[in-house]
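Inspection log for the structure reproduced underneath, given as structure tokens.
The values are calculated or read from the model by the stated rules, or taken from the named source; none is laboratory data. Only a predicted model underlies this, so the values are computations on that prediction, with no experimental measurement involved. Cβ coordinates were reconstructed from backbone atoms using ideal geometry, including for glycine residues, and neighbour counts include every protein chain displayed.
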């Protein structure tokens, strides 16, 4: 395992049969797993995909070699579970983030500014949902979740060059989708 992995001790305890240690790992990573799942399958299916990912991680914990961070390994499992769900049914566009995140971001603003910001966030989520799933996943993992290119490549089992290419195409595709409504985004032509 990586010496700097903050989950190392919990993983070792969970492997030894300590269920509370795995419970702590679930609590620690629940939000990011849900967000990654929601970006791929939609908010309504994200709970099921998240549970599936954690069950798969628990049953496969003995196979975690520790060559990378536990978080990256868990997100790879989440990504694969979400893609399996996408292939079985077509999701609706992703809803905006939790209301508490919006409330925090909108604190101290006028009601009109908060409403405008909320509407822009909703439109942006809708545009992101229109991206191809493999482009959307890479864009969200890099630009929203802040994973490195190497972590994304490992997680999606994709060559590093392909990750960079998909991210570039996803950003270009998103800009074109946003330009379709330049009055909303004030983007130059």
- [ ] Filter segment 31-44 down to the residues that are touching a residue at least 24 places away in the same chain (Cβ under 8 Å) and surrounded by fewer than 23 Cβ atoms within 10 Å (Cβ to Cβ), then identify the one that is farthest from residue 75 (Cα to Cα).
- [x] 44
- [ ] With respect to residue 116, determine if the residue is at pLDDT below 85 and either part of a helix (DSSP H, G or I) or not assigned by TED's automatic domain parsing to the domain that holds residue 180 (or both).
- [x] yes
Task: Residue ID - modelled with the lowest pLDDT, chosen from residues in segment 82-99 that are touching a helix residue (DSSP H, G or I) at 6+ places or on another chain (Cβ under 6 Å), surrounded by 15 or more Cβ atoms within 10 Å (Cβ to Cβ) and not in a helix (DSSP H, G or I) - done: 91
Task: Any chance residue 102 is at pLDDT below 70, assigned to a helix (DSSP H, G or I) and not assigned by TED's automatic domain parsing to the domain that holds residue 52 - done: yes
Task: Count - residues of segment 130-170 that are free of Cβ contacts under 8 Å to residues at least 60 places away in the same chain and under 16 Å from the mean Cα position of the chain (by Cα) - done: 19
TODO: Test residue 67 against the criterion of being outside the structural domain of residue 144 (by TED's automatic domain parsing), more than 14 Å from the chain's Cα centre (by Cα), modelled with pLDDT of 75 or more and closer than 15 Å to residue 157 by Cβ, and give yes or no.
DONE: yes
Open item on the list: Looking at 79, 47 in this structure, which one is closer than 27 Å to residue 127 by Cβ, crowded, with 18+ Cβ neighbours inside 10 Å and not assigned by TED's automatic domain parsing to the domain that holds residue 148?
Closed with: 79
